[in-house]
Amino acid sequence: MDYESVYLQDSIEISELVSLHYFQYHKDFAFPGEAHPFWEFVCVDSGEITAIAGEKEIPLKKGEILFHEPNEFHNVLTNGKSAPSLVVISFYCHSPALWHFRRKCLSVTEQEKRILSKIIQEGSNVFSGRMDQPYQKKLLFSPEQNFGGQQLIRQYLAEFLISLYRRYFSLPLPGRSTEYFVEKGNRKRELYNSVVEYLERRIQEKLTIEEICRDMLLGRSHLQKLFQEVGSMGVMELFHKMKIDTAKRMIREGQLNFTQIADQLGYSSIHYFSRQFKKECDMSPSEYAQSIRSLAEEA
């Protein structure tokens, strides 16, 4: 029997590391700011800061992370009250997926914090010098670094970014719902299920019926007739229902706030999201969240 290998593709590839810092700032510290042709993120381990991104001031508290795209002017300001601890990592990455992170303020999970901790631990062994020097221009390798340390830093960093991407920008449904799909049996039903699978894959986007027709190679009248004959609702009505069902799951999971959920699912504003949610569920997102909490308390 002849075996054939497969090539494992990198979704996020870190080509070069530029800086790796763990800062414990004084409460009155102010960095002068800079811009450079590579990516950088700042993650607050404790305390609070104000991050400057371009012309915007963005407050960050413990457990939050902000990404700066290449050549964006950025800065860090302390508030004069708390002495923050920060993880700051900059790197070259040409993977298109990373542009989803530009100017995004996200929250990190405990698992992701542990990955960051691994990066810092490996970095303290791989590189010589202090990790709290904000003006260091080049990382210097330690002559006594652990075997494989450089590779682990790159892999941990990619793992960290992939974890964030999956939580915030990749939203597959947890399982195929019989409510959406129909039993196979003829060509129309199989085509209908193909369209539903397409909608699932694009759940985080703002789709129009014209885009669906273009991507599925179907005429508008053909698509509408297909959903009239096979499904229980129109294609756009189903797509909106799938979005709200996904929003309900995300609310139950409790990892994102309503604004983040609306953004993840392609809604133009939190107000429009709330109106669509109430139209579908006869209750607002906050009322739904409260009903879930009440059920949990009664259990």
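The values are calculated or read from the model by the stated rules, or taken from the named source; none is laboratory data. The structure presented is a predicted model; accordingly, all values stated were derived computationally and were not measured. As a convention, Cβ positions derive from the backbone with ideal geometry for all residues, glycine included, and neighbour counts pool all protein chains shown. We work out accessible area using only protein heavy atoms, side chains counted, and drop any ligands, DNA or RNA first. Shrake-Rupley method; radii C 1.70, N 1.55, O 1.52, S 1.80 Å.
Here are some notes:
- Index of the failed condition, His240 passing every other in (1) at pLDDT below 90; (2) closer than 24 Å to Tyr168 by Cβ: (1)
- Residue that is farthest from Glu112 (Cα to Cα) [pool: residues in the range 24-49 that are surrounded by 19 or more Cβ atoms within 10 Å (Cβ to Cβ) and at pLDDT 90 or above]: Trp39
Each row is one residue, and each column tells you yes or no for (1) assigned to a strand (DSSP E or B); (2) closer than 21 Å to Gln255 by Cα; (3) open to solvent by less than 10 Å² (accessible area, probe 1.4 Å).
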{"site": "Tyr22", "(1), (2), (3)": "yes, no, no"}
{"site": "Ala51", "(1), (2), (3)": "yes, no, yes"}
{"site": "Ile58", "(1), (2), (3)": "yes, yes, no"}
{"site": "Ile65", "(1), (2), (3)": "yes, yes, yes"}
{"site": "Asn75", "(1), (2), (3)": "yes, no, no"}
{"site": "Tyr92", "(1), (2), (3)": "yes, no, no"}
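- Considering only residues in the range 201-236 that are over 30 Å from Tyr165 (Cβ atoms) and surrounded by 14 or more Cβ atoms within 10 Å (Cβ to Cβ), the one that is nearest to the chain's Cα centre (by Cα) turns out to be Gly234.
- For the range 247-289, taking the residues that are open to solvent by 40 Å² or more (accessible area, probe 1.4 Å) and assigned to a loop (DSSP other than H, G, I, E, B), the one that is farthest from Gly63 (Cα to Cα) is identified as Asp282.
- Test result for Asn75, of a type outside the set (D, E, K, R), under 23 Å from Gly33 (Cα atoms) and in contact with a strand residue (DSSP E or B) (Cβ under 7 Å, 6 or more places away or on another chain): yes
- With respect to the conditions (1) surrounded by fewer than 12 Cβ atoms within 10 Å (Cβ to Cβ); (2) over 24 Å from Arg154 (Cα atoms), Ala83 falls short on a single one, namely (1).
- Filter result (crowded, with 17+ Cβ neighbours inside 10 Å, in a helix (DSSP H, G or I) and of a type in the set (A, V, I, L, M, F, W, C)) within the range 94-114: Leu98, Phe101
- Any pair with Cβ under 7 angstrom, 6 or more apart, that starts in the range 131-158 at a residue that is free of Cβ contacts under 8 Å to residues at least 40 places away in the same chain and open to solvent by less than 30 Å² (accessible area, probe 1.4 Å) and ends at one that is part of a strand (DSSP E or B) and not hydroxyl-bearing (Ser, Thr, Tyr): Ser142/Phe127
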